[in-house]
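Asks: Provided herewith is a single structure, encoded as structure tokens, for subsequent inquiry.
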Amino acid sequence: MKIKSYKKIKNNTYRISFFNKEQDILLYDDVILKHNLLLRNEITKKELDDILEENSHFSCYYKALNYLTYKKRSKKEIKDYLKKQKFFSKDIDAIIKKLEEKNLINDQEYLKSFVSEQINIFNSGPAKIMKKLKDLGFAEDIINEELNKIPFEIWNEKLEKVIIKKINANKKDGINKIKEKIIYSCINEGFLKEDVVSILNRMDIPKNDDSLKKEAEKLYKRLSSKYNGEELFYQIKGRLFNKGFSFDDIDCVLNDIK
């Protein structure tokens with residue numbers, strides 16, 4: 001097969017054109033140099049097939065390197081990514097081994113780094129971290145071993161900060177509704193319900209009195225066309241209670257309205 005031309009393009013590749021082949025091929029410079037192709041103007045079909053197979057290996061390697069430039073990855077992430085790129089299993093396994101030898105993939109370091117990041121940057125609790133790491137290909141016992149290294153005080157301090165932030169962000173609900181929302185939210189973030197409740201019970205959550213008054217007045221205007229007398233205030237009271245306000249606070253506001 002006669003080579004027509006070489007053209008250097010991006011990402012360490014050359015475009016090779018042949019006289020008797022309609023479609024050009026892209027080869028990495030590693031392959032070009034290894035086979036001295038720049039000094040040749042003709043190769044056999046068998047040589048080309050071997051070169052393309054070898055080029056696929058390099059393509060797999062450089063794809064993996066590029067994927068690692070954005071952030072650290074687990075071994076499973078790399079494998080899944082390369083599978084989606086339609087590379088052969090033998091190339092993927094060889095590349096994974098090569099990356100591990102170069103310490104570009106290190107699941108042990110990745111695990112420690114991931115746990116530290118989730119604790120210090122995100123709101124993730126132990127259960128959520130466990131799920132994320134299992135999705136990344138780590139075994140449950142290995143994850144537990146790493147999570148158990150974190151002192152309870154660290155988890156407790158983190159959870160307390162999360163709860164305080166959520167309390168300060170809620171300016172419209174009553175205390176009971178605030179607690180309900182926080183418990184639900186923190187469980188979704190991977191914390192244990194009993195730990196959340198324990199911290200909430202120690203906290204003095206401020207009442208949203210202005211919100212209660214505005215909501216009561218709004219309900220009075222809206223429902224007074226449909227109800228009257230004690231039935232009206234019964235309906236208002238029920239709706240305010242569902243928003244988490246206590247009966248005592250509701251009664252005080254409704255007495256003012258009356």
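Asks: Out of curiosity, is residue 176 of a type outside the set (Phe, Trp, Tyr), outside the structural domain of residue 241 (by TED's automatic domain parsing) and more than 26 Å from the chain's Cα centre (by Cα)?
Replies: Taking the combined requirement at face value, the residue satisfies it.
Asks: Please work out if residue 38 is at pLDDT below 85 and part of a helix (DSSP H, G or I).
Replies: Yes: the conditions hold for residue 38.
Asks: Sticking with this one: Any residue in the range 2-16 that is part of a helix (DSSP H, G or I), farther than 30 Å from residue 139 by Cβ, without any contact (Cβ under 8 Å) to a residue 40 or more places away in the chain and of a type in the set (A, V, I, L, M)?
Replies: No; the residues of the range 2-16 include none that is part of a helix (DSSP H, G or I), farther than 30 Å from residue 139 by Cβ, without any contact (Cβ under 8 Å) to a residue 40 or more places away in the chain and of a type in the set (A, V, I, L, M).
Asks: Filter the range 130-156 down to the residues that are among the polar types (S, T, N, Q) and assigned to a helix (DSSP H, G or I), then identify the one that is nearest to residue 113 (Cα to Cα).
Replies: 144
Asks: I need the full set of residues from the range 103-129 which are within 21 Å of residue 163 (Cβ to Cβ), in a loop (DSSP other than H, G, I, E, B) and among the polar types (S, T, N, Q), in order please.
Replies: 123, 124
Asks: Something else now. Going residue by residue through the range 100-120, is there one that turns out to be among the polar types (S, T, N, Q), buried (at least 19 other Cβ atoms within 10 Å of the Cβ) and over 24 Å from residue 61 (Cβ atoms)?
Replies: Yes, that holds for at least one residue.
Asks: Which residue out of 99, 48 is more than 28 Å from residue 134 (Cβ to Cβ) and of a type in the set (A, V, I, L, M, F, W, C)?
Replies: Unique residue meeting the criteria: 48.
Asks: Of all residues in the range 122-135, which are more than 11 Å from residue 190 (Cα to Cα) and more than 11 Å from the chain's Cα centre (by Cα)?
Replies: 134
Asks: With the requirement that a residue be of a type outside the set (D, E, K, R), part of a helix (DSSP H, G or I), buried (at least 16 other Cβ atoms within 10 Å of the Cβ) and under 24 Å from the mean Cα position of the chain (by Cα), what does the range 69-98 give you?
Replies: Those that are of a type outside the set (D, E, K, R), part of a helix (DSSP H, G or I), buried (at least 16 other Cβ atoms within 10 Å of the Cβ) and under 24 Å from the mean Cα position of the chain (by Cα): 78, 81, 82, 96.
Asks: May I pose another question? Considering the range 196-212 alone, what residues qualify as being touching a helix residue (DSSP H, G or I) at 6+ places or on another chain (Cβ under 6 Å) and farther than 17 Å from residue 242 by Cβ?
Replies: Residues satisfying the conditions are 196, 199, 200, 205.
Asks: Go through the range 195-242 and give me each residue that's more than 22 Å from residue 180 (Cα to Cα) and within 41 Å of the chain's Cα centre (by Cα).
Replies: 218, 219
Asks: In the range 209-258, how many residues are acidic (Asp, Glu) and within 16 Å of residue 175 (Cα to Cα)?
Replies: 6
The values are calculated or read from the model by the stated rules, or taken from the named source; none is laboratory data. Nothing here was measured: the structure is a model prediction, and the numbers come from that model. Don't worry about glycine lacking a Cβ; one is built from the backbone with ideal geometry, like all the others, and counts go over all protein chains shown.
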